[in-house]
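Chemist: Have a look at this one.
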Amino acid sequence: MFSQSVVEQIGYYVYFLKDPRSGEVFYVGKGCGNRVFNHLSCALGSDDESEKLDRIRDIVDSGYTVQNFIIRHGLSEKESFEVEAALIDFVGSSNLSNVQGGHYSGDYGIKTVDEISAMYEAEDFSTDRPVLLININKLYSREMSSNELYEATRKSWVLGDKKNKAEFAIATYRGLTREIYKIEDWFQVPEHGERRWGFNGKIADNEIRDQYKYKSIKRYFKKGAANPIKYLNC
């Protein structure tokens, strides 16, 4: 634990936790005071379950100690949010046990140069066709193949009868449409619950893709919205 003298001088800081067995960084966070040490005390002093806490317990049970590193200190709270978000994006959320991305990571997080151009130049998505917007969130990766994107988009979602009217399913991520699929049929995904559905389909014709791809859908998904599904014209 930090001494009172350190606590009073260090300000806000950004830190990461490393597994000494593999050298892997498995968590990035920000805080002040003794926040960096709270994860260990929570892991050992509670029965709460999470990927992060389970990793810490496994490290300790193996006879090792979690390695704590301070990346930047003496920050304002706003600065600590920004540094934390940048680190999470750089390491990759799929490589970390963080439950969510950094502050404002959706708006200002890592993007390709094409995505930056699309973000500031993209027209608002608009259509008269019945479509289903599917925000695939953490399932998305810039390195994924077209088939992996299709698999991440097509199942398994909580959907109602309006799905049957949808002509296209559109994968979205961080405010932009990413790919457009022509829906052929629907199937249930019973292992994930009776209301979970998936679709069989194929990538839409180029005419449709050119019309709908890399369009802004921010007006359809408000910040903090939990539901990844949006029906349009259904």
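Chemist: Compute, for the chain, the length of the dipole vector about the Cα centre, with Cβ point charges of +1 (Lys, Arg) and -1 (Asp, Glu) only. Units Debye, rounded to 20.
Modeler: Values: 32 positive and 35 negative charges, 97 e Å.
The calculated dipole for the chain is roughly 460 debye.
Chemist: So, one more: Accessible area, 1.4 Å probe, largest first: how do ASP61, ASP185, ASP124 sort?
Modeler: Values: ASP61 130, ASP185 70, ASP124 95 Å².
Listed by decreasing accessible area, they come as ASP61, ASP124, ASP185.
Chemist: Let me ask something else. When every alpha-carbon pair in the range 1-73 is counted, what percent end up more than 16 Å apart? Please report the intermediate quantities before stating the final value.
Modeler: On the way: 1269 of 2628 pairs.
For the range 1-73, the fraction of Cα-Cα distances above 16 Å is 48 percent.
Chemist: Order GLU79, GLU191 by their accessible area, 1.4 angstrom probe, all chains in place, largest first.
Modeler: Numbers: GLU79 85, GLU191 135 Å².
From most accessible down to least: GLU191, GLU79.
Chemist: Enter the accessible area per residue of the chain (Å², integer; probe 1.4 Å; all protein chains in place). Let's see the in-between values first.
Modeler: Numbers: 13610 Å² over 234 residues.
That works out to 58 Å² for each residue.
Chemist: What percentages make up the Cα-Cα pair-distance distribution of the range 144-187 when the bins are 10 Å wide from 0?
Modeler: Spelled out per bin, shortest first, that is 24, 59, 17, 0.
Chemist: Something else about it: Testing the spin-label approximation: label points 7 Å from Cα along Cα→Cβ at VAL158 and GLU123. State their distance in nm.
Modeler: Output for this residue pair reads 3.5 nm.
Chemist: Let me ask something else. Need the C-alpha centroid separation for the range 10-68 versus the range 155-234, integer Å.
Modeler: Cα centroid of the range 10-68 versus Cα centroid of the range 155-234: 37 Å apart.
Chemist: For HIS39, HIS73, what's the largest-to-smallest order of accessible area, 1.4 Å probe? Let's see the in-between values first.
Modeler: Working: HIS39 5, HIS73 115 Å².
Ranked from most to least accessible, the order is HIS73, HIS39.
Chemist: Another one. Using the alpha carbon gyration tensor of the range 111-165, what are the three equivalent-ellipsoid semi-axes (square root of 5 times each eigenvalue), largest first, in whole Å?
Modeler: In descending order the semi-axes read 24, 19, 9 Å.
Chemist: When each pair of different Cα atoms in the chain is counted once in the 1/r mean, what is the Kirkwood radius in angstroms, to one decimal?
Modeler: On the way: mean 1/r = 0.0495 Å⁻¹.
One over the average 1/r among Cα pairs gives 20.2 Å for the chain.
Chemist: Sum up the charges of everything whose Cβ sits under 13 Å from the Cβ of ILE180, counting Lys and Arg as +1 and Asp and Glu as -1, but leave ILE180 out.
Modeler: +3
Chemist: Checking the cross-link filter: which aspartates and glutamates have an alpha carbon closer than 16 Å to that of LYS78, excluding same-chain neighbours under 8 positions apart?
Modeler: Hits, sequence-local ones excluded: ASP107.
Chemist: Within the range 104-234, what whole-number % of the accessible surface is contributed by carbon and sulfur, with the 1.4 Å probe and all protein chains included in the calculation?
Modeler: Working: 3450 of 7680 Å².
Taking all protein chains in place, the range 104-234 shows 45 percent carbon and sulfur surface.
Chemist: Now for a different question. Of VAL6, TYR173, PHE16, whose Cα points farthest to the positive end of the dipole of the chain (charges on the beta-carbon: +1 Lys, Arg; -1 Asp, Glu; origin at the Cα centre)?
Modeler: Farthest towards the positive pole: TYR173.
Chemist: Ignoring everything except DSSP H segments at least 4 long, calculate the 222 nm mean residue ellipticity for the chain; use -39,500 (n - 2.57) per segment, divide by total residues, nearest 500. Could the numbers behind the result be given before it?
Modeler: Values: 8 runs with 73 residues, N = 234.
Calculated from helices alone, the mean residue ellipticity at 222 nm is -9000 deg cm²/dmol.
Chemist: Report the net charge of residues surrounding ASP48, where surrounding means a beta-carbon distance below 14 angstrom and charges are Lys +1, Arg +1, Asp -1, Glu -1. Working shown, then result.
Modeler: Numbers: positive: LYS52, ARG55, ARG57; negative: ASP47, GLU49, GLU51, ASP54.
My count for the surroundings of ASP48 gives -1.
Chemist: Report the relative contact order of the chain, percent, no decimals, based on alpha-carbon pairs under 8 angstrom and at least 6 residues apart. Show your work: numbers first, answer last.
Modeler: Numbers: 375 pairs, mean separation 39.4, N = 234.
Over the chain, the number comes to 17 percent.
Chemist: Please give the per residue volume of the convex hull enclosing the alpha carbon atoms of the range 160-234, rounded to a whole number of Å³.
Modeler: So the per-residue Cα hull volume is 104 Å³.
Chemist: Please give the net charge around LYS18, taking every other residue with its beta carbon less than 11 angstrom from that of LYS18, where Lys and Arg add +1 and Asp and Glu add -1.
Modeler: Details: positive: ARG21, ARG55; negative: ASP19, GLU24.
Here the count lands on 0.
Chemist: Mind checking which aspartates and glutamates have their Cα closer than 17 Å to the Cα of LYS52? Skip sequence neighbours fewer than 8 apart in that chain.
Modeler: ASP19, GLU24, ASP61, GLU84
Chemist: Using a Cα-Cα cut-off of under 16 Å, which lysines could be cross-linked to LYS138, ignoring same-chain neighbours fewer than 8 residues away?
Modeler: By straight Cα distance, LYS138 reaches LYS111, LYS155, LYS223.
The values are calculated or read from the model by the stated rules, or taken from the named source; none is laboratory data. Being a predicted model, the structure only gives us computed values, none of them experimental. Quick reminder, even Gly has a Cβ in these numbers, built from the backbone with ideal geometry, and neighbours come from all protein chains shown. SASA here: full protein model, heavy atoms, side chains in, ligands and nucleic acids out. Shrake-Rupley method; radii C 1.70, N 1.55, O 1.52, S 1.80 Å.
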